[in-house]
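Undergrad: Have a look at this one before I ask anything.
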Amino acid sequence: MTKPGPGHTMCTDRLDAMSNTPDNAVRTTGPAESVRAYIDAHRAAFLDDLAAWLRIPSVSADPARATDVRRSAEWLAAKLKDTGFPTAEIWETDATDGAPAVFAEWPSDDAGAPTVLVYGHHDVQPAAREDGWHTDPFEPTTVDGKLYARGAADDKGQVLFHTLGVRAHLAATGRTAPAVHLKLLIEGEEESGSPNFPALIHQHADRLACDAVIVSDTGMWSAQTPTVCTGMRGLTDCQIDLYGPDQDIHSGSFGGAVPNPATEAARLAAALHDGDRRVAIPGFYDGIVELTDAERELFAELPFDEERWLRTAHSHGALGESGYSTLERIWARPTAEVNGIGGGYQGPGGKTIVPSTAQLKLSFRLVAGQDADRIQESVRAWVTASLPEGIRHEVTFWGATRPCLTPLDHPYLQSVARSMGRAFGQKIRFTREGGSGPAADLQDALGAPVLFLGISVPSDGWHAPNEKVELDLLMKGVETAAYLWDDLAETASAR
Ligand SMILES: [Zn+2]
C-alpha cells in the first residue's frame, strides 16, 4: 500500500487535476469507437459465457458444493486460456478442505511495462429459491436489462468483464499482448472469509509480484454517480472476560465492599469514548492518516440522503465522533464498538448478588496508519490500567484485518478514474468502504497499491436474494477494462 506520510496534504490545483471529465482524457487506447464496436460485436457471446459460469453453484461455504467450486475454477481457467492468457493455472491452498484459486498471466511485449494483478473471486454466497428468489439463483435470468443470478455482481460478472475488456484493448490497439504485464488471481473462498488466502499469496509471492493490484470485487455509489473506492477500513475484535468473586455472592453481606465485574464491564464500556465520542483508549489515534480537505470536499459533493441512509441502517438517529459527517465516520474514521455486554443474573425477577463474572465484546474499525497489533496492545494496556484490584481479566482478540488506502492523487488511482470516466462519459467521484476485506493482505504481501474497480451498485443485492447485475453497467466495466491497461502503462512510463 502507498501510505502518505503524516505531512501528506493535497493542494487545490491537485484537486483540479483530478477531475476526469471525458474531455481531459488525454490517454488514448485506440479510438473509443473501435473499443465500443468490438464490445458490441462480442456482447452476446460474453453474456452467454457469463451465464454458463453462473450456472455453476460455486458455494464455498457448503462442503457439498466443493466439486462445483472446483468446476468453477476449471471453467474460468479454460476461459482465460481461450481469451489468450498463455498461462492459466489452478492453485490449490494448503488446507485439505481449501477451495482452489485461479492464476493467469499474460506478459506484455514491452518488457518495461508495469505489472498489474487483478483480484476477484469465483466462489459465491449460498442461495436457494426459498430464500425469496423470484427465479432459480443458478439459472441466470435477464429482465429489463438486469441479469439475475447468484454471483452476477459478486463477483463473477466483475471478474469476467476483464476477459472481453482485454480482447477489446487488443483489438482497438492492434496489439497482440496487453500494454501491461497482466496477472489475475481469482480466489475460491472469499465468501468463506478467505481463510487460506494470506498463506496462498505468501507461498506464491514471487509469481504475484506486481506494481499495482486491481480489486474487481467492489461497487459504485450509484448508476448515476459512478465512483472509485480508494480504501477500506481494517478490523480487529476481542472479548474481555472479567472475573470478580470466585462465585456469585450475597449483595447484602458483601455488596458495596468488593469489586463487581458487571459494574467494571459497564465502566469500561462507558469509558471507551469521551464526551466528543472520540475513542478514549490512549494511543488509539496515533499515526492515523487524516482525511485531507480535498477528500472531505469530494465526499461532501456526493448526493447523500441521510434520512434514506438511516432507513437502510434500521436506526432512529445518527450519532458519532464530533466534527465529522456520517460518510466520514463510516469510511474514514476509526471506531470502537461495543458488540455485546453481559454478566450476572439475567433471569426473571431479581437476584441480589455480586456476580462472579462479566464479559464485554468489542470491535475496532481501523484506518490507514493504524497497526492492528499496536491497537491490540493499547486495548490490553487500557483494560489493565482501568480495572481495580480484585478483578482478574483476560482479553482475547479473534483476529485482525489491516486497513488499506491509496491516496487520491496516486497516479494509478487517477488512471482507473480516467479510464472509468471515458467509459461512463462523466466525471468519476471517489468513495471509501467502511467494511474490511482481504485487499489489504495483497497490499501488505505484495507491497503494491490497491486500486478498486467495480461497477456494481447498492441495489445489486450482494449476499441477498435476487442478486443482479445491470447489463449496461457491466458493459461499462468491460469498456473501463479495455482502456485501463494502456492508461496504466503510459502513466507508469511518465512517472
Ligand atoms: Zn465479493
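Undergrad: Applying the selection to the range 237-258, what residues are β-branched (Val, Ile, Thr) and over 19 Å from Ile341 (Cα atoms)?
TA: Result: Ile249, Val258.
Undergrad: Does the range 205-246 hold any residues that are small (Gly, Ala, Ser) and within 16 Å of the ligand (Cβ to nearest atom), and which are they?
TA: Answer for the range 205-246, where residues must be small (Gly, Ala, Ser) and within 16 Å of the ligand (Cβ to nearest atom): Ser216, Gly219.
Undergrad: Out of (1) aliphatic (A, V, I, L, M); (2) within 17 Å of Val379 (Cα to Cα); (3) free of Cβ contacts under 8 Å to residues at least 60 places away in the same chain; (4) surrounded by 13 or more Cβ atoms within 10 Å (Cβ to Cβ), what's the single condition that is false for Ala270?
TA: Going through (1) aliphatic (A, V, I, L, M); (2) within 17 Å of Val379 (Cα to Cα); (3) free of Cβ contacts under 8 Å to residues at least 60 places away in the same chain; (4) surrounded by 13 or more Cβ atoms within 10 Å (Cβ to Cβ) one by one, Ala270 breaks only (4).
Undergrad: Okay, moving on. If Thr431 satisfies every condition in (1) within 23 Å of Val124 (Cβ to Cβ); (2) modelled with pLDDT of 95 or more; (3) of a type in the set (Val, Ile, Thr) but one, which is the exception?
TA: For Thr431, the exception is condition (1).
Undergrad: Would you pick out the residues in the range 226-261 that are buried (at least 17 other Cβ atoms within 10 Å of the Cβ) and not in a strand (DSSP E or B)?
TA: Across the range 226-261, the qualifying residues are Pro226, Arg233, Gly244, Pro245, Asn260, Pro261.
Undergrad: So, of the residues in the range 456-478 that are within 16 Å of the chain's Cα centre (by Cα) and away from the ligand (no atom under 13 Å from the Cβ), which turns out to be modelled with the lowest pLDDT?
TA: Filtering first and then ranking leaves Pro458.
Undergrad: Picking from Gly132, Gly157, Gly120, which residue would you name as being of a type outside the set (Val, Ile, Thr) and on the phi > 0 side of the Ramachandran plot?
TA: Going through Gly132, Gly157, Gly120 in turn, the sole match is Gly132.
Undergrad: Out of the residues in the range 185-204 meeting the condition of being assigned to a loop (DSSP other than H, G, I, E, B) and away from the ligand (no atom under 16 Å from the Cβ), tell me which one is nearest to the chain's Cα centre (by Cα).
TA: The extreme case among them is Asn196.
Undergrad: A further question follows. What pairs come out if I take residues in the range 332-350 that are assigned by TED's automatic domain parsing to the domain that holds Gly369 and pair them with residues that are loosely packed, with under 13 Cβ neighbours inside 10 Å and not hydroxyl-bearing (Ser, Thr, Tyr) whose C-beta lies under 6 Å away, six or more apart or interchain?
TA: Qualifying pairs under 6 Å: Tyr345/Lys351.
Undergrad: Cβ contacts < 7 Å: first residue loosely packed, with under 14 Cβ neighbours inside 10 Å, restricted to the range 298-312; second residue among the charged types (D, E, K, R), any location; separation 6+ or different chain. Result?
TA: Cβ pairs passing all conditions: Glu301/Arg429.
Undergrad: In the range 437-474, which residues are in contact with a helix residue (DSSP H, G or I) (Cβ under 7 Å, 6 or more places away or on another chain) and over 26 Å from Leu488 (Cβ atoms)?
TA: Pro465, Glu467, Lys468
Undergrad: Still on this structure: Checking Gly340 against (1) surrounded by 13 or more Cβ atoms within 10 Å (Cβ to Cβ); (2) within 27 Å of the chain's Cα centre (by Cα); (3) in a strand (DSSP E or B): exactly one of these is not met. Which one?
TA: (1)
Undergrad: Please go through the range 117-154 and pick out each residue that is among the β-branched types (Val, Ile, Thr) and touching a Phe, Trp or Tyr at 6+ places or on another chain (Cβ under 7 Å).
TA: Across the range 117-154, the qualifying residues are Thr135, Thr141.
Undergrad: Taking the options Val124, Val215, name whichever one is touching a Ser or Thr at 6+ places or on another chain (Cβ under 6 Å), of a type in the set (Val, Ile, Thr) and under 19 Å from Leu76 (Cα atoms).
TA: Val124
Undergrad: Would you be able to say whether some residue in the range 316-327 is in contact with a helix residue (DSSP H, G or I) (Cβ under 9 Å, 6 or more places away or on another chain), farther than 20 Å from Leu298 by Cβ and without any contact (Cβ under 8 Å) to a residue 12 or more places away in the chain?
TA: yes
Undergrad: Check every one of the strands (runs of 3 or more DSSP E) wholly within the range 61-179 and list those with 2 or more residues that are within 16 Å of the ligand (Cβ to nearest atom) and buried (at least 24 other Cβ atoms within 10 Å of the Cβ).
TA: In the range 61-179, 101-106, 115-121 are the strands (runs of 3 or more DSSP E) which contain 2 or more residues that are within 16 Å of the ligand (Cβ to nearest atom) and buried (at least 24 other Cβ atoms within 10 Å of the Cβ).
Undergrad: Is there any pair linking a residue in the range 195-218 that is closer than 16 Å to Cys404 by Cα to one that is among the charged types (D, E, K, R) and at pLDDT 95 or above, with Cβ under 6 Å and at least six apart or on different chains, and which?
TA: Every condition considered, the pairs that remain are Asp217/Asp155.
Undergrad: Of all residues in the range 216-225, count the ones that are in a strand (DSSP E or B) and touching a Leu at 6+ places or on another chain (Cβ under 7 Å).
TA: Residues flagged as in a strand (DSSP E or B) and touching a Leu at 6+ places or on another chain (Cβ under 7 Å) within the range 216-225 amount to 0.
The values are calculated or read from the model by the stated rules, or taken from the named source; none is laboratory data. Just so we're clear, the structure is a prediction, and the values are computed from it rather than from any experiment. Virtual Cβ from ideal backbone geometry, glycine too; neighbours counted across all protein chains shown.
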